[in-house]
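See structure below.
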């Protein structure tokens, strides 16, 4: 645990940092349906779903940008691909309203803006229940010329930033922004510019990254090392073995998130287990991983000039845990954490 004075020093540096988030930007669409207003359709045997309110927010890689801005990071650049559809325009508006710099976003025809459509149903008792999600995603690979545009934008943005967060969300290979070709370019840039923070989060391809800091959860780490594994739980000892193998591959720091057990840090051949912060009451883990990523990279960028290596990696993990312990308490939304909330959470943990 670090001192409050040290934590304040780190948090105060966030406003000087410049971070690019590249990857799969989704639109989270919440449609509130009042079933008490439903009527039987005249043309079909179905009752209508009256949408009485709509909420939109950036999701997936956009969730990372939400967290970076809430943390007070000075400049947050976005690089993703959206379609020339209504959801694409809404996503751009949401990012810009949140203070993100969207000059490097790529908008192309024949591309679907990835969208998670979440219906929220309300009945006579006024209780809201989220129904099955509708996922709108691309079913065909990105065109080669669009890949080239993404790579050109990445190279143009790189001199402007201190760190890059890769949000490799799409589960199917080459159907998202981080195609094999784009990933290879990212790995080459990470090797060529070691003074910058390159950080990747990927659900199914975390083992494909080289020279990049990676942050799998314990299951992603195990499947990256042992693809045929079909077990149900992974203890800290197993996670440590996975981190060793992944660190040898990536030649950089590996963070393995352990859910309620915190974060395992593998840096420069040494291991540190950072326990999670105790949380009371109901929790909602949706978006917790993205909030950890934002906290980690904000700290690593802030310390890269004055303090690198294991010490910075450990402090980053501690702040990442603090951030996650706040966001999981915000039910029904992908929550964020402010510097003031982080300081208060730190004080609460000290006084336990």
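The values are calculated or read from the model by the stated rules, or taken from the named source; none is laboratory data. Just so you know, these numbers come straight off a predicted model, no measurement behind them. Neighbour counts are summed over all protein chains in view; Cβ atoms, including those assigned to glycine, are modelled from backbone coordinates with ideal geometry.
The table for this structure:
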item: Among the residues listed as 36, 65, the single one being surrounded by fewer than 24 Cβ atoms within 10 Å (Cβ to Cβ) and either part of a helix (DSSP H, G or I) or within 15 Å of the chain's Cα centre (by Cα) (or both); result: 36
item: The listed residue being surrounded by fewer than 20 Cβ atoms within 10 Å (Cβ to Cβ) and either under 27 Å from residue 177 (Cα atoms) or free of Cβ contacts under 8 Å to residues at least 24 places away in the same chain (or both), out of 126, 83, 59; result: 126
item: Selection count, the range 161-175, where residues are within 10 Å of residue 23 (Cα to Cα) and out of contact with any helix residue (DSSP H, G or I) (no Cβ under 9 Å at 6 or more places or on another chain); result: 1
item: Breaking point among (1) in contact (Cβ under 8 Å) with a residue 60 or more places away in the chain; (2) out of contact with any helix residue (DSSP H, G or I) (no Cβ under 6 Å at 6 or more places or on another chain), for residue 259; result: (1)
item: Condition met for residue 295 (in a helix (DSSP H, G or I), at pLDDT 95 or above and closer than 24 Å to residue 167 by Cα); result: yes
item: Test: residue in the range 7-21 that is in a strand (DSSP E or B), under 24 Å from residue 135 (Cβ atoms) and in contact with a helix residue (DSSP H, G or I) (Cβ under 8 Å, 6 or more places away or on another chain); result: yes
item: Qualifying residue in the range 209-216 (condition: out of contact with any helix residue (DSSP H, G or I) (no Cβ under 6 Å at 6 or more places or on another chain), surrounded by 18 or more Cβ atoms within 10 Å (Cβ to Cβ) and free of Cβ contacts under 8 Å to residues at least 40 places away in the same chain); result: no
item: Those helices (runs of 4 or more DSSP H) lying entirely in the range 171-276 with at least 2 residues within 21 Å of residue 288 (Cα to Cα); result: 218-225, 236-250
item: Selection count where residues are closer than 16 Å to residue 79 by Cβ and without any contact (Cβ under 8 Å) to a residue 12 or more places away in the chain, scope the range 186-208; result: 0
item: Restricting the range 151-170 to residues that are in a helix (DSSP H, G or I) and either at pLDDT below 95 or over 20 Å from the mean Cα position of the chain (by Cα) (or both), the residue that is surrounded by the fewest Cβ atoms within 10 Å (Cβ to Cβ); result: 159
item: Within the range 235-245, tally of residues that are under 24 Å from residue 195 (Cα atoms) and surrounded by 23 or more Cβ atoms within 10 Å (Cβ to Cβ); result: 1
item: Residue 46 surrounded by fewer than 24 Cβ atoms within 10 Å (Cβ to Cβ) and under 21 Å from residue 114 (Cα atoms); result: no
item: Which numbered condition residue 330 misses (of (1) touching a strand residue (DSSP E or B) at 6+ places or on another chain (Cβ under 8 Å); (2) modelled with pLDDT under 90); result: (1)
item: Flag if residue 279 is at pLDDT below 95 and on the phi < 0 side of the Ramachandran plot; result: yes
item: Among residues of the range 262-302, those that are under 28 Å from residue 58 (Cα atoms) and in contact with a helix residue (DSSP H, G or I) (Cβ under 7 Å, 6 or more places away or on another chain), counted; result: 18
